[in-house]
1. If I ask for residues that are surrounded by fewer than 21 Cβ atoms within 10 Å (Cβ to Cβ), within 22 Å of A:Pro2 (Cα to Cα) and away from chain B (no Cβ under 14 Å), which ones from segment A:32-85 would you list?
2. Right, B:Val16: at the interface with chain A (Cβ under 9 Å from one of its Cβ atoms) and modelled with pLDDT under 95 or not?
3. Identify the single condition in (1) at pLDDT 95 or above; (2) out of contact with any strand residue (DSSP E or B) (no Cβ under 6 Å at 6 or more places or on another chain); (3) in a loop (DSSP other than H, G, I, E, B) that B:Val62 does not satisfy, given that it satisfies every other one.
4. Which ones in segment B:27-41 are surrounded by 20 or more Cβ atoms within 10 Å (Cβ to Cβ) and either without any contact (Cβ under 8 Å) to a residue 12 or more places away in the chain or under 14 Å from B:Leu83 (Cβ atoms) (or both)?
5. Given the residues B:Gln35, B:Gln82, which is the only one that is more than 8 Å from every other protein chain (Cβ to nearest Cβ) and at pLDDT 95 or above?
6. Applying the selection to segment A:32-53, what residues are assigned to a strand (DSSP E or B) and hydroxyl-bearing (Ser, Thr, Tyr)?
7. Does A:Val110 meet the test of being within 13 Å of chain B (Cβ to nearest Cβ) and touching a residue at least 24 places away in the same chain (Cβ under 8 Å)?
8. State all residues of segment A:10-31 that are surrounded by fewer than 16 Cβ atoms within 10 Å (Cβ to Cβ), facing chain B (nearest Cβ under 10 Å) and either assigned to a helix (DSSP H, G or I) or touching a residue at least 12 places away in the same chain (Cβ under 8 Å) (or both); if no residue qualifies, say none.
Amino acid sequence: MPYPEMMIKPMRDEVSRLGVQELRTVAEVDSALGDITGTAMVFVNSVCGCAAGGARPALTKALANSRLPARKYSVFAGQDLEATARARSYFGEYQPSSPSVALLKDGEVVAFVHRHEIEGRSPDQIAANLVNAFDTHCA
Amino acid sequence: MSGHVFHPGHDELHGVTVVVEAAEGRTLVGRWHEQTPRGVLLHDVAVHDPLKSAVSKEEWFVKLRKFGVAVELKHAVVPAGQLLDIRRLVE
């Protein structure tokens, strides 16, 4: 069951103010991820304090990198259920987890940071993983 | 804003993806909820059973680490008497 919107708004804002476009409907997801060329990142946001408390600061650090995805999106797991499920339909074999980060290139997942690679790690460690993916796949 | 957490009052592993080695060669990977005298409760669990799985445990772990935890059980309790080892999936 989704949390009250007022409780999670700061978590949405923490990501949106990084220039990451939040996708809240199926139509928005399809418009963003359907038939795209180039690179796109999808941050799967989450309320979970065990992991998302590190993931959002890590995203902030990683997006300061010189090489970045051409498009940056987020969906909010557990809140925007249909949009999140639709976004995950673009992730192929990669299993749902939240928080997580998918990096797509020409519509295919080329890097994925799972929840289990986020929980218990510092924002610097998580960011390093993301930066490595950006440096490898982004212009 | 990263201080916005909703998991107060739980133990250190709460919410962490762990590997539980259990009796009869079974391996479970899931999110730790709690440990009580009765056993361990996990959420969103994948299971490798050497008697049922088509792949070796090593192959199973390789796929799990790359593609994530393919959930077979929403919840699982491993009785205390069957626990052999508990560790984080990612150390």
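The values are calculated or read from the model by the stated rules, or taken from the named source; none is laboratory data. In this text, all values refer to a predicted model and were calculated from it rather than measured experimentally. Positions of Cβ are backbone-derived with ideal geometry, glycine not excepted, and every protein chain shown enters the neighbour counts.
1. Passing the criteria: A:Leu81, A:Glu82, A:Ala85.
2. yes
3. If we test B:Val62 against (1) at pLDDT 95 or above; (2) out of contact with any strand residue (DSSP E or B) (no Cβ under 6 Å at 6 or more places or on another chain); (3) in a loop (DSSP other than H, G, I, E, B), just (3) comes out false.
4. B:Thr27, B:Leu28, B:Gly30, B:Trp32, B:Val40
5. So the residue among B:Gln35, B:Gln82 that is more than 8 Å from every other protein chain (Cβ to nearest Cβ) and at pLDDT 95 or above is B:Gln82.
6. Let us first name the residues in segment A:32-53 that are assigned to a strand (DSSP E or B), namely A:39-45.
Residue satisfying the conditions is A:Thr39 alone.
7. yes
8. A:Pro10, A:Asp13
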